[in-house]
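The values are calculated or read from the model by the stated rules, or taken from the named source; none is laboratory data. This one's a predicted model, so the numbers in the text were calculated from it and none came from an experiment. Glycine also receives a Cβ, built like all others from the backbone with ideal geometry; neighbour counts cover every protein chain displayed. To get the accessible areas, we keep the full protein, side chains included, count just its heavy atoms, and leave off ligands, DNA and RNA. Shrake-Rupley method; radii C 1.70, N 1.55, O 1.52, S 1.80 Å.
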Amino acid sequence: MVLPMSRTTRPVSRLVPEMPLLRRSSRQVAPAPGGGGEEVAVPAHFRCPISLDLMRDPVTAPTGITYDRESVEGWLARGNATCPVTGRPVRLADLVPNHATRRMIQDWCVANRARGVERVPTPRAPLGDADAAEAVAEVSAAARRGDAAACGAAAARARALGKESDRDRRCLAAAGAARALSSAFRRLAGGHGDGATALGEILAALTVFFPLDDESRRCIASQVSLETLVSVMSHGELTARASAAVVLRELASSADGRTLEAVSGTHGMCDALVGLVRKPVSPQATKAALVTAYYLVSASDRAAARLAELGAVRVAVELLVDADKGTSEKALAVLDGLLCVDAGREAARAHALAVPVLVKKMFRVSDMATEFAVSALWRLCRASDAGAAECRAEALRVGAFQKLLLLLQVGCVGVTKERASELLKMLNGSRGSVECIETVDFKGLKRPF
């Protein structure tokens, strides 16, 4: 469980969403028209033994079993080296397209078109190693020549090929696509006109080939690359700004302390991150900017103070008012980090919504949001000055005491439990002089406080 403790003990990897290795097909056989709800029965030999869905690109293993390409390649990508049905050894290179079965499936789809079945399109041939190496080489060669337009076109082609299928993406990644794109970005960094367009294409292509290896991260972490990322996030096209934010998040998520210092020390970096959250480009860019900001404030008080000076506290609080689960978790994490410095606490105490929003987010979001909300409220209320006293009074008025009591009754552990208990003790001393304006259903309580 993530515990919002210190900068060195707080695990941050949970803030980055994990992508499944095997993506099950979402396409289902359509029900027959007429409202009866009866589905068309798919012949058993047309179903993949792994996903049990209609095969769209059937391939046959040396064991004689036919699978859907996406399913069996996902099975092998997860470290399995045997046929799921027979248990005999199978390699990716051993899979052979089953054109006869594919044509039979297409004929069956056409025959049942009147019943709502869509025809399975003819799949493209998978990318070969030679083709992947050629595509990567085009990116590197254009970058070495300084031909920004050609490099952007080659990057766009590599991105399109990588998005065709997981197999093609892995094939390009094995050919060094991420290294070639990162190196090309560093070579073209600082360009204008066509160079800026090419940089956007390179960043968009890089997002397809995560995670980045050490060499790729070193290229992106170079000073000229970081300055160019700031420029793209601040003044680039919308898609380029979103791609730059995602690439920066990938860099920050696996960077050491020195690299994070270099990122936070890059001129305009904090301004660009706050700007992406204040004026959203896309939900993905907003979340990526929040994750990067969290890594920066977790690693450096100086970065936290700089972000607080730029209004990050106000931006995070106002974002939390109607944010979804993922955005709420990330914004609360950033806010908790900002409250570690004086400038952050002062900004939060001056904002009328800070305490009410934190109390609101204690429940009905997620365990992670609860942990960060309790930690942030604890940071605001624990001091003995007048500002902390006002925060405690405001917390009581909006029902923090009841929610903390319920939280302890329902169950929380570790640092969250300790800080919730401390908050209750702080608030208990002020209960007599403050009128609560929110009530909580106490049916879930098992014992009095």
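Annotation for the range 239-252: no member residue is open to solvent by 20 Å² or more (accessible area, probe 1.4 Å) and small (Gly, Ala, Ser).
Do we find that Glu250 is part of a helix (DSSP H, G or I) and modelled with pLDDT under 95 in this structure? For Glu250, the condition - part of a helix (DSSP H, G or I) and modelled with pLDDT under 95 - is not met. Within the range 146-203, which residues are among the β-branched types (Val, Ile, Thr) and within 22 Å of the chain's Cα centre (by Cα)? Hit for the range 146-203 is Ile202, nothing else.
Looking at Val230, Val263, Val224, Val277, which one is more than 28 Å from Val357 (Cα to Cα), surrounded by 24 or more Cβ atoms within 10 Å (Cβ to Cβ) and in contact with a helix residue (DSSP H, G or I) (Cβ under 7 Å, 6 or more places away or on another chain)?
Details: Val230 fails: surrounded by 24 or more Cβ atoms within 10 Å (Cβ to Cβ); Val224 fails: surrounded by 24 or more Cβ atoms within 10 Å (Cβ to Cβ); Val277 fails: more than 28 Å from Val357 (Cα to Cα).
Among Val230, Val263, Val224, Val277, only Val263 is more than 28 Å from Val357 (Cα to Cα), surrounded by 24 or more Cβ atoms within 10 Å (Cβ to Cβ) and in contact with a helix residue (DSSP H, G or I) (Cβ under 7 Å, 6 or more places away or on another chain).
Evaluating Val139 against the criteria (1) more than 29 Å from Thr207 (Cβ to Cβ); (2) β-branched (Val, Ile, Thr); (3) in contact (Cβ under 8 Å) with a residue 40 or more places away in the chain leaves one unmet condition, (1).
Looking only at the range 115-151, residues that are in a loop (DSSP other than H, G, I, E, B) and surrounded by 15 or more Cβ atoms within 10 Å (Cβ to Cβ) come to 6 in all. Selection of the range 194-230 for residues being touching a Phe, Trp or Tyr at 6+ places or on another chain (Cβ under 9 Å) and of a type in the set (S, T, N, Q) yields Ser216, Ser225, Thr228. Considering the range 382-401, and only residues there that are touching a residue at least 40 places away in the same chain (Cβ under 8 Å) and within 34 Å of the chain's Cα centre (by Cα), the residue that is surrounded by the most Cβ atoms within 10 Å (Cβ to Cβ) turns out to be Ala400. Within the option set Val297, Val317, being in contact with a His (Cβ under 7 Å, 6 or more places away or on another chain) and not hydroxyl-bearing (Ser, Thr, Tyr) holds for one residue only, Val317.
For Ala180, state whether it is farther than 30 Å from Pro97 by Cα and part of a helix (DSSP H, G or I). First the steps, then the outcome.
Numbers: farther than 30 Å from Pro97 by Cα: yes; part of a helix (DSSP H, G or I): yes.
Against the criterion (farther than 30 Å from Pro97 by Cα and part of a helix (DSSP H, G or I)), Ala180 qualifies.
With respect to Val208, is the statement that it is open to solvent by 10 Å² or more (accessible area, probe 1.4 Å), in a loop (DSSP other than H, G, I, E, B) and more than 27 Å from Cys340 (Cβ to Cβ) true? No.
Can we say Leu408 is in a helix (DSSP H, G or I), at pLDDT 90 or above and in contact with a Leu (Cβ under 6 Å, 6 or more places away or on another chain)? Considered against the rule, which asks whether it is in a helix (DSSP H, G or I), at pLDDT 90 or above and in contact with a Leu (Cβ under 6 Å, 6 or more places away or on another chain), Leu408 comes out as no. Scanning the range 51-65 for residues that are surrounded by fewer than 22 Cβ atoms within 10 Å (Cβ to Cβ) and not aliphatic (A, V, I, L, M) yields Ser51, Asp53, Arg56, Thr60, Pro62, Thr63, Gly64.
What number of residues in the range 360-381 are more than 14 Å from Asn428 (Cβ to Cβ) and more than 28 Å from the chain's Cα centre (by Cα)?
Matching residues across the range 360-381 total 1.
Looking at Ala252, Ala174, Ala178, Ala158, which one is closer than 30 Å to Arg69 by Cβ, in contact with a Phe, Trp or Tyr (Cβ under 7 Å, 6 or more places away or on another chain) and not β-branched (Val, Ile, Thr)? Of the residues listed, the single one that is closer than 30 Å to Arg69 by Cβ, in contact with a Phe, Trp or Tyr (Cβ under 7 Å, 6 or more places away or on another chain) and not β-branched (Val, Ile, Thr) is Ala178.
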